[in-house]
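Data first, discussion second: the structure below is written as structure tokens.
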Amino acid sequence: MRVLFLGDIFGRPGREVIRDYLSGLVAREGIDLVLANGENASGGKGILPRDAKLLFGYGVDALSGGNHSFHHRESGPFYDEDVRTIRPANYPDPCPGRGWTVIEGPSGRKVGFGNLMGRVFIPFSLDCPFKAADRMLAEMQAAGCWTTVIDIHAEATAEKKAIAVYLDGRAGAVVGTHTHIQTSDCQILPKGTAYMTDVGMTGPHDSVIGMDFKAVLKSFMLGRRHSFTAATRMASMEGAVIDFGGDGKALYVRPVNCPNIYAGRMEELWEEELRKEELRKEELRREEFRQEELRNTEGGAAGGRESGGGEAEAVEAEGRDAGDGRDGGSGMSIGPGEGGDSLGDSPEGGGNRELED
């Protein structure tokens, strides 16, 4: 059996990248079950029932949680209603929902999906995750689970590894979430449990763990808290693919990054440079056209002045002849600039008026 586990789904970008790419990844990799951490799926904090249902429609089989599981008041009743959505098993009682569930895979094999939360650097009053894991695995075994996948949602890498070693040989896989940074330590532990410290984030990677850079930088540099907003660009699915053998033990585990955001970033930067180059070339073409028009305008004006001066002299001579009465004229002299079409060589002459029109 091949299981895909996706890291923290972050906001709309995380949901949309699952919508756009999950089905293709499942077909290409031959995935049998899709599990995911969904605690950031709605606006970067918590998960709303409507978004959980969207993710199920996109092909996710079950969702785990973490420290933001109850960020939205609608979440509590939903954890009670839908067995496909779980929260950490070591939340103190009484607590809505459940800490593990059973998903039926190919050939009717039951896969137990459990959720734990670490206590190191996490300001929550939580029960012991080790004791909660013991109870959870015993209940999964009693439910007839063929293998199990445990999401350990924790800050400290040491705590995640300690949980994995503690469960080695009893859990099929222990995979970490919460930090939104994919680690490169995929391994099969000595007794057959697959392990990865953190599978990463399914969401916008042109960000600081999902958040827009600006407010995060202010918070770090000024030492004061600022309101963060979710980032939107370069969304990718990160996670792990785990292969299980016939005995339910893990055979292989490897990271997933789909689509490849690093190649995508380089392509995006290159396309941006090409766009800038085209803009520069277009501006040069426009400037050359303006210069050509200016040269043509100056040439036409100079020609008009020369032509206007010659015609004016001819009219003046004709006027003098008329004044002398040699042609029987009225003796009226038509000088430069007079009449309906001024033929004078002044700047207000016909040539310049044509340019103004």
Checklist entry - Whole-Hz Karplus ³J(HN,Hα) for the range 7-12, in order, using 6.51 cos²θ - 1.76 cosθ + 1.60 and θ = phi - 60°, x for Gly and Pro? => result x, 2, 6, 10, x, 4
Item to check | Protection-proxy order for peptides 49-56, 204-211, each taking the mean of Cβ atoms within 10 Å per residue, highest first | outcome: 204-211, 49-56
Checklist entry - What do you get when you divide the Cα radius of gyration of the range 168-227 by 2.2 N^0.38 Å, with N the number of residues? => result 1.58
Next on the checklist: Translational diffusion coefficient of the range 132-244 at 10 °C, 1.306 mPa s, Stokes-Einstein with Kirkwood Rh over Cα pairs, in µm²/s as a whole number.
Outcome noted: 101 µm²/s
Checklist entry - How much solvent-accessible surface does residue 1 expose, in Å² to the nearest 10, with a 1.4 Å probe and all protein chains in place? => result 40 Å²
Checklist entry - What whole-number value in cubic angstrom gives the convex hull volume per residue for the C-alpha atoms of the range 89-175? => result 87 Å³
Item to check | the range 80-137 versus the range 55-71: alpha-carbon centroid distance in Å | outcome: 12 Å
Checklist outcome for this item: Residues other than residue 163 with Cβ under 15 Å of its Cβ, Lys/Arg counted +1 and Asp/Glu -1, net out at -1
Checklist outcome for this item: Residue by residue through the range 30-35, the couplings from Karplus 6.51 cos²θ - 1.76 cosθ + 1.60 with θ = phi - 60°, in Hz, x for Gly and Pro, are x, 6, 9, 9, 10, 10
Checklist outcome for this item: Here, residue 229 and residue 280, labelled 7 Å along Cα→Cβ, have an inter-label distance in nm of 3.1 nm
Next on the checklist: Counting only other residues whose beta carbon sits under 10 Å from that of residue 226, what net charge do I get with K and R as +1, D and E as -1?
Outcome noted: +4
Checklist entry - If one puts a single equal scatterer on every Cα of the range 20-176 and applies the Debye formula without solvent, what log₁₀ I(q)/I(0) results at q = 0.13 Å⁻¹? => result -0.58
Checklist entry - With Rg and the Kirkwood Rh both taken from Cα atoms, where does Rg over Rh land for the range 94-145? => result 1.06
Item to check | Accessible area of residue 100 in the full protein assembly, 1.4 Å probe (Å², nearest 10) | outcome: 60 Å²
Next on the checklist: What distance in nm lies between label points placed 7 Å from Cα along the C-beta direction at residue 158 and residue 50?
Outcome noted: 4.4 nm
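The values are calculated or read from the model by the stated rules, or taken from the named source; none is laboratory data. Worth saying up front: this structure is predicted, and the values here are computed from it rather than measured. Because the Cβ atoms are built from the backbone with ideal geometry, glycine has one as well, and the counts that use them run over all protein chains shown. Accessible surface is based on the protein model in full, side chains and every heavy atom, while ligands, DNA and RNA are left aside. Shrake-Rupley method; radii C 1.70, N 1.55, O 1.52, S 1.80 Å.
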